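Every number here is computed from the coordinates shown, using simple stated rules; none is lab data. From a predicted model like this one, the values you see are computed outputs, not experimental measurements. Every residue, glycine among them, receives a Cβ derived from its backbone with ideal geometry; neighbour counts consider all protein chains shown.
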Amino acid sequence: MASTETIDVEIWQGDANGGAYRAYAVPAQRSQTILDVVTWVQQNAEPDLTYRFACRVGMCGSCAMTVNGKPRWTCRTHVSKAGDGPLRIAPLRNLPVIKDLVCDMTEFFDKWVGAGGVFKPSTTRDDPIPAIDPSTVERAAASEAIECINCAICYSACDAVAQNDGYFGPAALNRSWSLINDIRDAGRTERLSAAAGTGGCFNCHSQQGCASHCPNLLNPTLSIAGLKRAAVKAKVRGEI
Amino acid sequence: MLDVRLYLAQRITALVMAPLVIGHLAVMIYAVQGGLSGAEILARTQGSVLWALFYGAFVLAAAIHAAIGIRAIAYEVAGIKGTALNLLSLGFGALLLVMGLRAVAAVVLP
Amino acid sequence: MIAEHRQQPLWFAFALHRISGLLLALFLPAHFYVLGLALKGEAALDGFVAWTDNPMVKLAETVLVFLLAVHMFGGLRVMALEMLPWSSRQKTFAALAAAGAFGVAVCFLLGAL
């Protein structure tokens, strides 16, 4: 459907040293996503506009940007859902900018590891695969915390991250909680030690900005509350 | 910034204070009716072991709770770190404790 | 101006909790100082208590009562969130905490008038 209507779009461009918004008029389309808009600008107006995307269907978690002040997955956010007025598209908050809309995700993934986000097997490949009963409390809790696509939207929405350099953030702690509930995992003690430390779960103020922005409707605040209980119990019992 | 020890101290003092705050609010709403006077306050509190324990516990819990709260705000909002943060937090807690216990003594000692 | 990403009820609950806590903490030294006046005898305390008959002071006291009540109710909500099985009704609980604190403050103001 060709259209003569256009959308007013402002896209932030720059690098770690600063930048500014530049304005474009992008042809309006039916069912147009924010990512479609950014792609149109890159292909038609600003060839060196830098942004990141891969799957375009909400699986890979690489296209998150700040749209009208809120972190969003741009491939699955329709222009019509982004609010009134001109579209303002910027890189994610709380992460260093490399160029334009692309952030350096290093600290995000370093914290993922720091919080104990790497599975530690309790058996070897020669052992039988442990059976996990889907009706257990642990499995239900793990199920609520998986499906994270590492888009860093929660990390970008979190004020505790903004105010505290060392804080692991919602995604990493949510991952930790999913592993705490994995009966095959052998890393519980290290994980709870990390959660109980200065970068850990006790920095969370339960504002639920993470939960209200998560595109996959996960609730990291719930996971972090679980970590708080588990870490307190472990501390009282002298396990950590 | 908050580790498990500070978190526990914050939450335990909060739990201790919850019933004390309810008591304090109830006394305030009761006592303010018909106007306050120094005599009325002191008549209630002077020589009372119960009020001494009530407000003594309240002051202790509030001093710890507020010191940790101020610590979190100073770090998150003002970016104060390290020794300065410890001094601010401990100093504020000590100030509240000393002033608070002095106030309790003032109203309960006959 | 409140940032876009903060415009949700539970951020306002957080902000109310933090501001009430900070104001209460800053109020406490003054509160303790005044009560400490009783050490110098009843007259010193009475002099201050008489000042509180001023309607503006009564209004300020009502605000303090609200701050104390909302910090307690809000704190109980946060501890319930952290310690009890998860409830998805946090926005309702936060609203109830604010409403309850408002009720307590109104009770105080009606008694004080």
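Is chain A best put as rounded, prolate or oblate by its Cα gyration tensor, with a ≥ b ≥ c the root eigenvalues, rounded for a/c under 1.5, and otherwise prolate when a/b is larger than b/c, oblate when not? The shape class here is prolate. For the range A:6-103, just say rounded, prolate or oblate: build the C-alpha gyration tensor, square-root its eigenvalues into a ≥ b ≥ c, call rounded for a/c under 1.5, and beyond that prolate if a/b exceeds b/c, oblate if not. Rounded, since a/c falls under 1.5.
Using Cα atoms only, what is the angle between the long axis of helix B:4-32 and the major principal axis of chain B, expressed in degrees (0 to 90) to the nearest 10? The helix B:4-32 is inclined about 30 degrees to chain B.
Share of pairwise Cα-Cα distances greater than 19 Å in the range B:47-110 is 39 percent (whole percent). Cross-link pairs exceeding 25 Å between alpha carbons, from the set A:Lys120/A:Lys228; A:Lys81/A:Lys228; A:Lys81/A:Lys111: A:Lys81/A:Lys228; A:Lys81/A:Lys111. For the protein assembly as shown, DSSP calls about 90 percent of its internal beta bridges antiparallel. Compactness ratio for chain B: Cα radius of gyration over 2.2 N^0.38 Å (N = residue count) comes to 1.25. Against the longest principal axis of chain C, how steep is helix C:42-51, in degrees 0 to 90 to the nearest 10, with axes from Cα atoms? Taking Cα atoms only, the helix is inclined about 60 degrees. Dipole magnitude for chain A: computed about the Cα centre from +1 point charges on Lys and Arg Cβ and -1 point charges on Asp and Glu Cβ, it is near 580 debye. Only Lys, Arg, Asp and Glu carry charge here, each on its Cβ (+1 for the first two, -1 for the last two); on that basis the range A:106-236 has a dipole of about 340 debye about its Cα centre.
Annotation: amide H of A:Ile7 within the under-5 Å range of A:Val26, A:Ala28, sequence separation 5 or more or interchain, hydrogens built in the peptide plane. Calculated on the alpha-carbon coordinates, the convex hull of the protein assembly as shown measures out at 189 cubic angstrom per residue. With the charge dipole of the range A:6-103 set up from +1 on Lys and Arg Cβ and -1 on Asp and Glu Cβ about the Cα centre, the Cα lying farthest toward the positive end among the listed residues A:Pro86, A:Val37, A:Ala64 is that of A:Ala64.
In order along the range A:101-107, the phi-based Karplus estimate (6.51 cos²θ - 1.76 cosθ + 1.60, θ = phi - 60°) of 3J(HN,Hα) comes to 9, 9, 9, 7, 8, 3, 5 Hz; Gly and Pro are listed as x. Think of chain C as a dipole: +1 on every Lys or Arg Cβ, -1 on every Asp or Glu Cβ, centred on the Cα centre; then among C:Pro29, C:Asn54, C:Val78, C:Val78 lies furthest on the positive end.
Among residues other than B:Ile73 whose Cβ falls under 15 Å from its Cβ, what is the net charge (Lys/Arg +1, Asp/Glu -1)? Combined, the nearby Lys, Arg, Asp and Glu give +1.
Here the Karplus relation 6.51 cos²θ - 1.76 cosθ + 1.60, evaluated at θ = phi - 60°, turns the backbone of the range B:82-88 into coupling constants of x, 4, 4, 5, 4, 5, 4 Hz, with x for every Gly and Pro. Couplings for the range A:53-59, taken from phi via the Karplus curve 6.51 cos²θ - 1.76 cosθ + 1.60 with θ = phi - 60°, read 7, 9, 7, 6, 10, x, 9 Hz in order; Gly and Pro are left as x. Based on DSSP H runs of at least 4 residues, each adding -39500 (n - 2.57), what is the mean residue ellipticity at 222 nm of the protein assembly as shown after dividing by all its residues, to the nearest 500 deg cm²/dmol? Rounded to the nearest 500, it is -19000 deg cm²/dmol. Bridging of A:Lys233 to aspartates and glutamates at a Cα separation below 17 Å is possible for A:Glu138, A:Glu190, B:Asp3, C:Glu82, once same-chain residues fewer than 8 apart are set aside. What percentage of all Cα-Cα pairs in chain C are separated by more than 23 Å? For chain C, the share of Cα pairs beyond 23 Å comes to 43 percent.
Against the longest alpha carbon principal axis of chain A, how many degrees, from 0 to 90 and to the nearest 10, is the axis of helix A:220-236 turned? Compared with the principal axis, the helix lies near 30 degrees. Taking a Cβ cut-off of under 13 Å around A:Arg22, the surrounding Lys, Arg, Asp and Glu residues balance to a net charge of -4, with basic ones at +1 and acidic ones at -1.
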